[in-house]
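Structure first, then comments.
The values are calculated or read from the model by the stated rules, or taken from the named source; none is laboratory data. Everything numeric in this text was worked out from a predicted model, so none of it was measured. Here Cβ is always computed from backbone atoms with ideal geometry, including for glycine, and neighbour counts include all displayed protein chains. Accessible surface areas use protein heavy atoms only, side chains included; no ligands, DNA or RNA. Shrake-Rupley method; radii C 1.70, N 1.55, O 1.52, S 1.80 Å.
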Amino acid sequence: MQVLKADLARFATIPDYPFAENWIDIDLGEGFSGRMHYIDEGPKDAPPVLLFHGEPSWSFLYRKMIPVLVEAGFRCLAPDLIGFGKSDKPDDIAFYSYDRHVDWLKQWREGAVPQTAALFCQDWGGLLGLRMVGEEPDKFSCVTASNTFLPTGGSPSPAFLAWREFAKSSPEFMIGELLQRATATDRTAEEVAAYDAPFPDEPSKAGARAFPALVPVEDGMDGIAQNIAAWKGLAAYDRPFLTLFGADDPVTGGLGATLADRIKGAEGMPHEILETCGHFCQEDRPVELARGVIDTAKKAGFL
């Protein structure tokens, strides 16, 4: 296996992404190491908010939310998961696992921002972030979640099964076009190219192809036992927990109420289903999402 480095020249003309690069070394396991890239914007002594992206995006997804959050008084930290964005990319699909992604993200957290923080998470950012909240609830002041869940087996929807098969076997796995199809508003050609930038060839897409098959949506899959254990802490989490889900997401759009109904801190919160909002809600409704994060942090006394 090789650990691929991003060609940073491919990111030189990315629109609306003026953020400085930050890097941290990660122990990937089995003797491999890699660098994780992350955004770190705002005063270093400001209350931190963690912005976790999912599949198959990267921190570019948060370019519209970060200025709003920084202006409100946050320090914004948005990592590129291993296999995504500017971060290093193991080229073996089999090397990726749910537990490894959790471990890699926890290493980043301990190195970059170990103190208590607010969290915004979407898609796989929630599968990782919500497990982390469940396992270490005291490290999170409040949570805003969008188009995500913490699954523990069951029966996957036909829409998810189709997506999982497409990611596994489609010869044309064009990342930018996937983002385009999963938003309710149109992306520009430059934005589509920005989502393609981390993935110049097939080996660089190993992490993106691996993710859908790692979601523990069927009984017996890896990650179910860990998520069941994490749900004990997540269900008891009594700090403010807000859900803002996109109405136009056919896979996770209906899970907002299901998620909120199980978490103590979600009681009485102004949960909302956002209209004209697809799976990648950060593209469609960034200001509304940022306001939700701000209001939730204020309710928590964190901002």
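Name every residue in the range 125-151 that is open to solvent by less than 10 Å² (accessible area, probe 1.4 Å), touching a strand residue (DSSP E or B) at 6+ places or on another chain (Cβ under 9 Å) and outside any strand (DSSP E or B), in order of residue number.
Answer for the range 125-151, where residues must be open to solvent by less than 10 Å² (accessible area, probe 1.4 Å), touching a strand residue (DSSP E or B) at 6+ places or on another chain (Cβ under 9 Å) and outside any strand (DSSP E or B): Gly125, Gly126, Leu128, Gly129, Leu130, Met132, Val133, Asn147, Thr148.
For residues that are hydrophobic (A, V, I, L, M, F, W, C) and touching a residue at least 40 places away in the same chain (Cβ under 8 Å), scanning just the range 236-269, find the one that is farthest from Trp124 (Cα to Cα).
Across the range 236-269, the extreme among qualifying residues is Ala236.
Is there a residue being open to solvent by less than 20 Å² (accessible area, probe 1.4 Å), on the phi < 0 side of the Ramachandran plot, assigned to a loop (DSSP other than H, G, I, E, B) and modelled with pLDDT of 95 or more anywhere in the range 215-235?
Looking for residues that are open to solvent by less than 20 Å² (accessible area, probe 1.4 Å), on the phi < 0 side of the Ramachandran plot, assigned to a loop (DSSP other than H, G, I, E, B) and modelled with pLDDT of 95 or more, one finds at least one in the range 215-235, hence yes.
Which condition does Ala300 not pass, out of (1) closer than 21 Å to Phe160 by Cα; (2) open to solvent by 10 Å² or more (accessible area, probe 1.4 Å), if it passes all the others?
(1)
Look through Asp88, Asp80 and report the one residue that is open to solvent by less than 20 Å² (accessible area, probe 1.4 Å), under 26 Å from Ala297 (Cα atoms), touching a residue at least 40 places away in the same chain (Cβ under 8 Å) and acidic (Asp, Glu).
Of the residues listed, the single one that is open to solvent by less than 20 Å² (accessible area, probe 1.4 Å), under 26 Å from Ala297 (Cα atoms), touching a residue at least 40 places away in the same chain (Cβ under 8 Å) and acidic (Asp, Glu) is Asp80.
Tell me the residue from Asp27, Asp40, Asp103, Asp99 that is open to solvent by 10 Å² or more (accessible area, probe 1.4 Å), more than 18 Å from the chain's Cα centre (by Cα) and in contact (Cβ under 8 Å) with a residue 40 or more places away in the chain, please.
Asp27
Table: residues versus (1) at pLDDT 95 or above; (2) surrounded by 13 or more Cβ atoms within 10 Å (Cβ to Cβ); (3) closer than 21 Å to Leu127 by Cα; (4) in contact with a Gly (Cβ under 7 Å, 6 or more places away or on another chain).
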{"position": "Pro156", "(1), (2), (3), (4)": "no, yes, yes, no"}
{"position": "Ala167", "(1), (2), (3), (4)": "no, yes, yes, no"}
{"position": "Ser170", "(1), (2), (3), (4)": "no, no, no, no"}
{"position": "Gln180", "(1), (2), (3), (4)": "yes, yes, no, no"}
{"position": "Thr183", "(1), (2), (3), (4)": "yes, yes, yes, yes"}
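Cβ-Cβ under 8 Å, sequence separation 6+ or interchain: first residue in the range 53-65 and touching a residue at least 60 places away in the same chain (Cβ under 8 Å) and open to solvent by 10 Å² or more (accessible area, probe 1.4 Å), partner part of a helix (DSSP H, G or I) and β-branched (Val, Ile, Thr). Which pairs?
Within 8 Å, the pairs are Lys64/Val287.
Among the residues of the range 257-268, write down those that are open to solvent by less than 20 Å² (accessible area, probe 1.4 Å) and either closer than 17 Å to Asp295 by Cβ or not in a helix (DSSP H, G or I) (or both).
Hits for the range 257-268 are Ala260, Ile263, Gly265, Ala266.
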